[in-house]
1. Which members of region 1-26 meet the condition of being under 12 Å from I92 (Cα atoms) and either among the hydrophobic types (A, V, I, L, M, F, W, C) or in contact with a strand residue (DSSP E or B) (Cβ under 6 Å, 6 or more places away or on another chain) (or both)?
2. Those residues that are assigned to a loop (DSSP other than H, G, I, E, B) and either among the aromatic types (F, W, Y) or more than 23 Å from P91 (Cβ to Cβ) (or both), I need them from region 56-67; list them, please.
3. For the list (1) without any contact (Cβ under 8 Å) to a residue 12 or more places away in the chain; (2) part of a loop (DSSP other than H, G, I, E, B), I need the number of the one condition that D43 fails.
4. If we keep just the residues of region 2-40 that are in a loop (DSSP other than H, G, I, E, B) and loosely packed, with under 14 Cβ neighbours inside 10 Å, which is farthest from the chain's Cα centre (by Cα)?
5. Quick check on this structure: which one of V100, V50 is in a loop (DSSP other than H, G, I, E, B) and within 12 Å of the chain's Cα centre (by Cα)?
6. What are the residues in region 68-86 that are part of a loop (DSSP other than H, G, I, E, B) and within 21 Å of C9 (Cβ to Cβ), if any?
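Every number in this text was worked out from the coordinates using simple rules, so none of it is lab data. Worth saying up front: this structure is predicted, and the values here are computed from it rather than measured. Please note: Cβ atoms are built from the backbone with ideal geometry, for glycine as well, and neighbour counts cover all protein chains shown.
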Amino acid sequence: MKIYHNPRCRKSREGLEILQKSGQPFEIVEYLNTPPTESELKDIISKLGVAPIELIRKNETEWKENYKGKELSDDEMIKAMVRYPKLIERPIVIKGTKAVVGRPPENIKKLL
């Protein structure tokens, strides 16, 4: 299991706590320090079963200043998230071929 985590985010910390209490082994990826590559992000999006736009935090300054109101392809949105990892919704937990966004953090329990 793997959690894409931002320690400064309350929901991400709550998600991490759920994993820690589960007793199951998992890996922590602080994605702001180690952003996913385009191929990793495509894999994550596939496991989540969502469109790239659903994974973007639209209230972030980087989105508003650079992308809001523009017609972007899925690939362009993925490139935006790789360039500005702060745009990626968090936390994301992956287990095998499935993944969930931990908003609310209780979503993570679906994978346990």
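1. Within region 1-26, M1, K2, I3, Y4, H5, S12, L16, L19 meet the criteria.
2. Y67
3. (2)
4. Among residues in region 2-40 that are in a loop (DSSP other than H, G, I, E, B) and loosely packed, with under 14 Cβ neighbours inside 10 Å, the one farthest from the chain's Cα centre (by Cα) is G23.
5. The conditions single out V50.
6. Y84
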